[in-house]
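Worksheet: one structure, shown below.
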Amino acid sequence: MEVGGARAPPPFWAGGPAPGQTYVPSGPGPAAGVLPFTRTLSPMVTGTSVLGVKFDGGVIIAADMMGSYGSLARFRSISRLLKVNDTTMLGASGDYADFQYLKQIIDQMVIDEELLGDGHSYSPKAIHSWLTRVMYNRRSKINPLWNTVVIGGYYNRESFLGYVDMLGVAYEAPTLATGYGAYLAQPLMREVLENKPSLTKEEARDLIERCMKILYYRDARSFNRYEVAIATEKGVEVEGPLTLEANWDIAHLVSGFE
């Protein structure tokens with residue numbers, strides 16, 4: 001409708017919500033094959049602690065093989081450690097699907113790097129730095145990868161042990177622990193290194209096994225089957241599955257928590 005040669009403005013509520021009624025925005029709906037954006041609001045299958053310790057001439061990390069579906073011990077033989085190449089390894093706690101996604105990307109990155117044939121490979125620091133960018137990028141999109149990752153390796157005669165969480169928070173340390181291990185295992189590992197700053201490979205392994213056993217006793221999401229990855233100048237070696245020897249003879253004496 002035109003008034004005096006000019007087009008009249010549309011009604012005030014045109015294309016908007018009618019007073020007292022629910023507003024349904026126009027646009028392509030499910031019938032057009034367009035699905036809404038989804039985000040991981042909570043992890044499904046999760047893994048618990050990852051432990052890492054530097055020693056004289058290398059690094060050792062360990063993680064159990066439990067995949068928990070909530071409080072259900074659903075999967076008991078999943079690997080949460082990854083050998084990236086001959087100098088670098090990593091372990092992840094948190095959502096197992098997100099870890100599998102990261103693993104696929106890293107595996108393809110390593111293949112692409114090897115195809116170049118230039119004699120270079122990803123160092124532990126490079127993978128650690130790359131993961132900080134990936135994690136922070138996904139966090140900034142409000143769609144994080146729900147993992148905490150421990151990166152270890154031995155490159156150019158130098159041990160490396162680094163941490164990255166789902167927000168992109170990152171640091172390096174001589175001992176690292178994720179999940180419940182940050183409360184139970186980390187104090188024990190720090191105490192040992194305070195008394196003896198440089199451990200041998202055997203001492204570091206004994207320390208890791210002791211901490212894994214304590215976590216098996218105390219962490220309801222842990223398991224007595226675990227894997228160990230060791231990086232030295234000879235390369236990266238993943239051992240396992242290994243089994244902890246536990247003793248529950250005094251369990252009946254624990255009371256007062258019912």
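In nm, give the distance between the simple-model label positions of Thr40 and Tyr69, each being 7 Å from the Cα along the Cα-to-Cβ direction.
For the pair Thr40/Tyr69, the computed spacing is 1.8 nm.
Could you work out how far helix 96-116 tilts from the main Cα principal axis of the chain, as a 0 to 90 degree angle to the nearest 10?
For helix 96-116, the angle is close to 80 degrees.
Suppose only helical runs count, i.e. DSSP H with n ≥ 4. What mean residue ellipticity at 222 nm does that imply for the chain under -39500 (n - 2.57) per run, divided by all residues and rounded to the nearest 500 deg cm²/dmol?
Calculated at 222 nm, the ellipticity per residue is -9500 deg cm²/dmol.
Please compute the contact order of the chain in relative form: average sequence separation of alpha-carbon pairs under 8 Å and at least six residues apart, divided by the residue count, as a percent.
It rounds to 24 percent for the chain.
State the volume of the convex hull built on the alpha-carbon positions of region 61-127, expressed per residue in Å³ and rounded to an integer.
About 90 Å³ per residue, rounded to a whole number.
Let me confirm the definition first: pairs of Lys residues in the chain, 8 or more apart or on different chains, C-alpha distance under 26 Å. How many are there?
So the count works out to 23.
Protein chains only, probe 1.4 Å: how do Glu191, Glu209 rank by accessible area, largest first?
Accessible-area ranking of Glu191, Glu209, largest first: Glu191, Glu209.
Net charge around Lys83, counting only other residues with Cβ within less than 12 Å of its Cβ (Lys, Arg = +1; Asp, Glu = -1)?
Computed value for this residue: -4.
Considering the Cα positions of the chain, please state its Rg to one decimal place and its Dmax as a whole number of Å.
Final numbers for Rg and Dmax: 25.3, 97 Å.
Per 0.36 nm of contour for each residue apart, how much would the distance between Asp206 and Arg190 grow if the chain were fully extended, relative to their Cα-Cα spacing?
4.3 nm
How many angstrom separate the Cα center of region 179-258 from the Cα center of region 95-159?
Their Cα centres are 25 Å away from one another.
Can you give the relative contact order of region 71-149 as a percent, counting alpha carbon pairs under 8 Å and 6+ residues apart?
Relative contact order comes out at 34 percent.
When a/c reaches 1.5 or more, the comparison of a/b and b/c decides; with that in mind, is region 165-250 rounded, prolate or oblate per its Cα gyration tensor?
Because its axes are fairly even, with a/c under 1.5, region 165-250 counts as rounded.
For the chain, set up a Gaussian network in which alpha carbons nearer than 10 Å are linked by springs, and say which option among Pro43, Pro197, Pro124 fluctuates the most.
Comparing Pro43, Pro197, Pro124 in a Gaussian network model of the chain, the most mobile one is Pro197.
Would you calculate the volume per residue, in Å³, of the smallest convex hull containing every Cα atom of region 49-202?
So the per-residue Cα hull volume is 121 Å³.
Quick check: the angle from helix 124-140's long axis to the longest principal axis of the chain, C-alpha only, nearest 10 degrees?
30
The values are calculated or read from the model by the stated rules, or taken from the named source; none is laboratory data. Here the structure is a predicted model, which means the values were calculated and not measured. Please note: Cβ atoms are built from the backbone with ideal geometry, for glycine as well, and neighbour counts cover all protein chains shown. Just the protein is used for accessible areas: all its heavy atoms, side chains included, with ligands, DNA and RNA removed. Shrake-Rupley method; radii C 1.70, N 1.55, O 1.52, S 1.80 Å.
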